[in-house]
Number of protein chains: 4
Amino acid sequence: MQGAGAPAVGDNGAMTLGKGRFESFSDGVFAIAITLLILEIHLPPTVSRASGSSAQAKALLEIWPAYLVYVASFATIGIMWLNHHALFDAAQRITHGVIVANLVLLGLISFLPFTTEVLGRLGLTQATVVYYGLTMTAIAFAYLGVQIQVIAAHPGSAQKLTRWNIVGMTAYPLATVVGFFVPLLGVVLIALLAVFYALPRNVRVARFTPGPNVDAVR
Amino acid sequence: MQGAGAPAVGDNGAMTLGKGRFESFSDGVFAIAITLLILEIHLPPTVSRASGSSAQAKALLEIWPAYLVYVASFATIGIMWLNHHALFDAAQRITHGVIVANLVLLGLISFLPFTTEVLGRLGLTQATVVYYGLTMTAIAFAYLGVQIQVIAAHPGSAQKLTRWNIVGMTAYPLATVVGFFVPLLGVVLIALLAVFYALPRNVRVARFTPGPNVDAVR
Amino acid sequence: MQGAGAPAVGDNGAMTLGKGRFESFSDGVFAIAITLLILEIHLPPTVSRASGSSAQAKALLEIWPAYLVYVASFATIGIMWLNHHALFDAAQRITHGVIVANLVLLGLISFLPFTTEVLGRLGLTQATVVYYGLTMTAIAFAYLGVQIQVIAAHPGSAQKLTRWNIVGMTAYPLATVVGFFVPLLGVVLIALLAVFYALPRNVRVARFTPGPNVDAVR
Amino acid sequence: MQGAGAPAVGDNGAMTLGKGRFESFSDGVFAIAITLLILEIHLPPTVSRASGSSAQAKALLEIWPAYLVYVASFATIGIMWLNHHALFDAAQRITHGVIVANLVLLGLISFLPFTTEVLGRLGLTQATVVYYGLTMTAIAFAYLGVQIQVIAAHPGSAQKLTRWNIVGMTAYPLATVVGFFVPLLGVVLIALLAVFYALPRNVRVARFTPGPNVDAVR
């Protein structure tokens, strides 16, 4: 495979992992993680079949922080999936570096259901909201890592950070700090960030533009 | 991208999200949500390994409301998936509005396992059945939102509300009201609605007919 | 759609549900149900972090019935998926009847994780093994229903029941009766049935042969 | 099908299971198993909403062994998926033997979330780490079984064991023995093995090279 005249494909750590199977595996993890979020929302153990209808209704309303966190996490994963799609839409080389960086990102996305459970079960406290904010911050940086690997795999392409990253890498740490002092506000900020990313223009700038000298792999 | 003469694709909030990947992500969430329903059905905590076979048999029969809710929720998600498929079968443009409306719909579909657990654990009471009915009502309106976005993305297409929506937007609130007074009847109505939608003609009218002046995207 | 000269597609309850999306939704449910089985296997609540290593090792060995049921259920779903694939490999028309029968089958396949939990938590008793056997019997008959619908959608095709069904529709009720008297033997029989179906010849005869006068849909 | 002159396809236990559907089912199980890992990570039951933020923070830090096991299991499944992909990338015949060996592998991969829960709930003890190591050893041998079946299906192909297997079949038993004496070290070794496999060269040698005389099936 290292012989002179052999095609460059496979050299320099580039694997011939089909882009289709790479994307469908990633899509699967995104779709599963987003759907698993709900499994981590629980009724308080104090309410039961014997509680009577009005106590049950009260319990269903009192877990509103869990609903808020569900919306924030669901929206974040959904938006991440959109950006992930936009990024790889134009990518043509799935190198080994891309695969490893992507596994780190997927590992953090898959971690979100647990973080969501922590907030639902322990309430919106200083500890839990900071924990949530740190997870979001880690996701923003992991996504940056994927972007860097994609750009490295396409020399000569338009190398610009997307708005998602520039905002995310400052906003999530900020929301974490805010959450340290006012937990509820921290979660609301994280939810608003997902709404912000859902605006048309912000998704669009996440697009990655490969340069002209990229060899098509598959 | 805003230059004169440039292709309209990408303008006006239209993203070039591939329809294939959009559908496969949606299919994934539908398939996962429908399969997760069972995880929220539990044995009563009072029955155990030491209970003896006849007490166990009794417990397995006594959770029949959970079975009923499982059937109703499973059928509803299955029918929603069928309608979703019929709707996007003819759609050719996946705009940003479609994506956001679809995420809202998927977020509510993914929420159903929790609602199913609420009914299973707390029984068929006024509070839980109304909660279930409101979730179903929200799903009906979210589906209307997706339809409106799909129609907006295809100007000149046949813009008619499908029978699914007209029935759903009146029947689910009605079933909710009925459930307030007679909980069991409310759940039975919701199950019957799924059966009604499963009739051939009702699925067929959910079809969406794009007009002649729609540009093919991908 | 009922006009003379119009293509037959869409008439007689035949929907134009793409076979690809139908198969990928079914595959998704099979893959998820088979993977969820493990979530229903639990350690006994009596063992904990404080138990000491040898008590923990004992607890991990004592849940062997859960392992046996895991193997039996995993193998059954895996084989069902293989047969499902072989059946639809040759099918060309996905009618409304096929879709509804398939949803019933998927609903029962998705139910298996709960049955598995029942056996794991309550042990191999008369009640739980009969419950397991009845679920398997229902799956065998639901699969027959799908086969009947597929054959009905392809008039003129080779209409023979497969060995899977003939064996399954007698063997599962038999295993249920055996399980009523000797629970462990009932589960072993169900596990052996999956092994039997895994033999090359048995999968191969599950193939469905359409006749020459079937119109290709898509 | 056994007639003289008939195509070899379908004989000798070779099924015509489409490679595409085989791969997508396997991908689904990998993606689901990797995402389900998080569901088995739990907060200690002693911490609650009433614990106060600093006790909560302490509890979130104290479950670090669960994080370590999550990373090790996630990386292992991810790398297994990569190797699985590389193996089947070049394979052209999905025989019955391949399917059965693959189901055994998937059944063990799906088992990992339970093993991960055992470690998370019972801590890193002699019993739990040996249990974990034995599961990993079984996965290494099951993967060898799949490789043997793939090679058997392609007579004349380059029949070499990959480095994954040679290392895995000695390293996982070794890590199990080490874990018997120093539990933490056993888990760290298993995590390091995943990192080792993630190095570019080790993934690349897992490639399987079919010989020239292999008939293309589909």
TODO: Rounded to whole Hz and in sequence order, give me ³J(HN,Hα) for region D:61-72 from the Karplus expression 6.51 cos²θ - 1.76 cosθ + 1.60, θ = phi - 60°, writing x for Gly and Pro.
DONE: 7, 5, 8, 4, x, 5, 4, 4, 5, 4, 4, 4
Task: Distances in nm from B:F180 to the matching label points in the other copies, shortest first (labels 7 Å along Cα to Cβ) - done: 4.8, 4.8, 6.8
Open item on the list: Let me make sure I get this right: for region B:23-206, a, b and c are the square roots of the gyration tensor eigenvalues over alpha carbons, sorted descending. Under 1.5 in a/c it's rounded, otherwise prolate if a/b > b/c, else oblate. Which is it?
Closed with: prolate
Open item on the list: Given Cα positions, please report Rg to Rh for region D:12-98, the hydrodynamic radius being the Kirkwood one.
Closed with: 1.25
Open item on the list: Need one number: nm distance between label points at B:M169 and A:K58, each 7 Å from Cα along Cα→Cβ, rounded to one decimal.
Closed with: 3.7 nm
Open item on the list: Under the convention of a label 7 Å out along Cα→Cβ, give the distances in nm from B:K58 to the same position in every other copy, shortest first.
Closed with: 3.2, 3.2, 4.5
Task: ³J(HN,Hα) computed for each position of region B:18-33 - Karplus, 6.51 cos²θ - 1.76 cosθ + 1.60, integer Hz, glycine/proline x - done: x, 4, x, 6, 4, 5, 6, 5, 4, 4, x, 5, 4, 5, 6, 4
- [ ] Give the long-range amide H neighbours of D:I41: residues separated by 5 or more places, or on another chain, with amide H under 5 Å away, using H modelled in the peptide plane at 1.01 Å from N.
- [x] none
TODO: Arrange the following residues from fewest to most other Cβ atoms within 10 Å of their Cβ: C:R93, A:R121.
DONE: A:R121, C:R93
Open item on the list: In whole Hz and in residue order, list the ³J(HN,Hα) couplings for region B:123-140 that follow from phi through the Karplus curve 6.51 cos²θ - 1.76 cosθ + 1.60, θ = phi - 60°; x for Gly and Pro.
Closed with: x, 8, 10, 3, 5, 6, 6, 4, 4, 5, x, 5, 4, 5, 4, 4, 5, 4
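Where a number appears in this text, it was derived from the coordinates with a stated rule and is not lab data. All of these numbers come straight from a predicted model, not from anything done at the bench. FYI the Cβ positions are ideal-geometry reconstructions off the backbone, even for glycines, and counts take in every protein chain you see.
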